[in-house]
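Participant: Please read through the structure below; I'll follow up with questions.
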Amino acid sequence: MEPDSYHRIYVERTLALIKPDAIHRSEEIEDVILKAGFAVLQNRKLQLSPEQCSDFYADQYGKYFFPNLTAFMSSGPIIALTLARSNAIAHWKSLMGPVNSTKARETHPECLRAKYGTTDLKNALHGSESFDAAEREIKFMFPNSVIEPLPSREETEEYLSKHVNPTLVRGLTELCKHKPLNPCVWLAHWLMKNCPNMPQIVVEEAEDKK
């Protein structure tokens, strides 16, 4: 398997928020999200209190816009979404576009903030900045869900190298030898039969104790 293929199969999560100013366009936005190749793992509509907004945006505390930010984010309902796909954080940030919606309309007119936002504060959407931020924000918005940590890219590559590639290479080699009429079905059956993670059950005949 080529190194680039590891990046194609690596799945990441990010948090997306549809803010109060864009919630009336949520169906359109969610449709764009799905067409962009994201899987929606969790979806929740809620309204945060000013105190909850302060906790969520704790890393922005002390900045001049912080009071307006928390007031705006608690002014009406929002929709929280856990999104997943390869490089989800970067892809969602790119789909949203620049933070300032006015500038976004000049530089990235096709992005979501250009279409649905109005100012730098009322910019329609939120996305996690990093892997660590995504984990924290997802847990904040979905406190009752159990979210198992995803393996790192290095762990994924190591697992594929040790446990997937050797079996797949054997299966493809056998496929070339047999040349079945339906190669996909044949390979699927072969992989099920030869999966290294499946216990091999050996049935031994009982000895005749006559």
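Participant: Give the residue, chosen from Glu157, Glu135, that is outside any strand (DSSP E or B), at pLDDT 85 or above, surrounded by 12 or more Cβ atoms within 10 Å (Cβ to Cβ) and not aromatic (Phe, Trp, Tyr).
Facilitator: Values: Glu157 fails: at pLDDT 85 or above.
Matching residue, one of Glu157, Glu135: Glu135.
Participant: If you don't mind, another one. Do we have Ser86 as of a type in the set (Ser, Thr, Tyr) and at pLDDT below 95 here?
Facilitator: Values: of a type in the set (Ser, Thr, Tyr): yes; at pLDDT below 95: yes.
When the stated conditions are applied, Ser86 passes them.
Participant: Something else about it: Can you tell me which residues in segment 14-58 are more than 14 Å from His126 (Cα to Cα) and charged (D, E, K, R)?
Facilitator: Going through segment 14-58, the residues more than 14 Å from His126 (Cα to Cα) turn out to be 24-25, 27-28, 31-32, 34-52, 54-55, 58.
Residues satisfying the conditions are Arg25, Glu27, Glu28, Asp31, Lys35, Arg44, Lys45, Glu51, Asp55.
Participant: State which residue is surrounded by the most Cβ atoms within 10 Å (Cβ to Cβ) when the search covers only segment 57-83 and only residues that are in contact with a strand residue (DSSP E or B) (Cβ under 8 Å, 6 or more places away or on another chain) and farther than 18 Å from Gly117 by Cβ. Explain how you work it out, then say what you get.
Facilitator: First pass over segment 57-83, keeping only residues in contact with a strand residue (DSSP E or B) (Cβ under 8 Å, 6 or more places away or on another chain): 77-83.
Among the residues that remain, those that are also farther than 18 Å from Gly117 by Cβ are: 82-83.
Details: Thr82: 24, Leu83: 28.
Ranking the qualifying residues of segment 57-83, first place goes to Leu83.
Participant: Determine if segment 142-152 includes at least one residue that is outside the structural domain of Tyr57 (by TED's automatic domain parsing), of a type in the set (D, E, K, R) and within 25 Å of Leu81 (Cα to Cα).
Facilitator: yes
Participant: Please count how many residues of segment 51-100 are β-branched (Val, Ile, Thr) and part of a loop (DSSP other than H, G, I, E, B).
Facilitator: Here is the first cut: in segment 51-100, the ones β-branched (Val, Ile, Thr) are 70, 78-79, 82, 89, 99.
Then keep just the ones that are part of a loop (DSSP other than H, G, I, E, B); that gives 99.
The total comes to 1.
Participant: Residues being farther than 16 Å from Leu17 by Cβ, surrounded by fewer than 20 Cβ atoms within 10 Å (Cβ to Cβ) and of a type outside the set (Ser, Thr, Tyr): count how many of those fall in segment 92-110.
Facilitator: Narrowing segment 92-110 to residues farther than 16 Å from Leu17 by Cβ: 94, 98, 100, 102-110.
Next, only the ones that are surrounded by fewer than 20 Cβ atoms within 10 Å (Cβ to Cβ) stay: 94, 98, 100, 102-103, 105-110.
Okay, now just the ones that are also of a type outside the set (Ser, Thr, Tyr), so 98, 100, 103, 105-106, 108-110.
The number of residues fulfilling the criteria is 8.
Participant: Taking interchain pairs and intrachain pairs at least six residues apart, which have beta carbon atoms under 9 angstrom, with the first residue in segment 16-39 and closer than 21 Å to Ala134 by Cβ and in the same structural domain as Phe131 (by TED's automatic domain parsing) and the second part of a loop (DSSP other than H, G, I, E, B) and of a type in the set (D, E, K, R)?
Facilitator: Taking only residues 6 or more apart or on different chains, the pairs are Lys19/Lys122; Ala22/Lys122.
Participant: Something else about it: Condition first: without any contact (Cβ under 8 Å) to a residue 60 or more places away in the chain and aromatic (Phe, Trp, Tyr). Now tell me which residues in segment 69-121 satisfy that.
Facilitator: Answer for segment 69-121, where residues must be without any contact (Cβ under 8 Å) to a residue 60 or more places away in the chain and aromatic (Phe, Trp, Tyr): just Phe72.
Participant: Same structure again: Within segment 40-91, can you find the residues that are within 19 Å of Ile23 (Cα to Cα) and among the charged types (D, E, K, R)?
Facilitator: Selection gives Arg44, Lys45.
The values are calculated or read from the model by the stated rules, or taken from the named source; none is laboratory data. Just so you know, these numbers come straight off a predicted model, no measurement behind them. Positions of Cβ are backbone-derived with ideal geometry, glycine not excepted, and every protein chain shown enters the neighbour counts.
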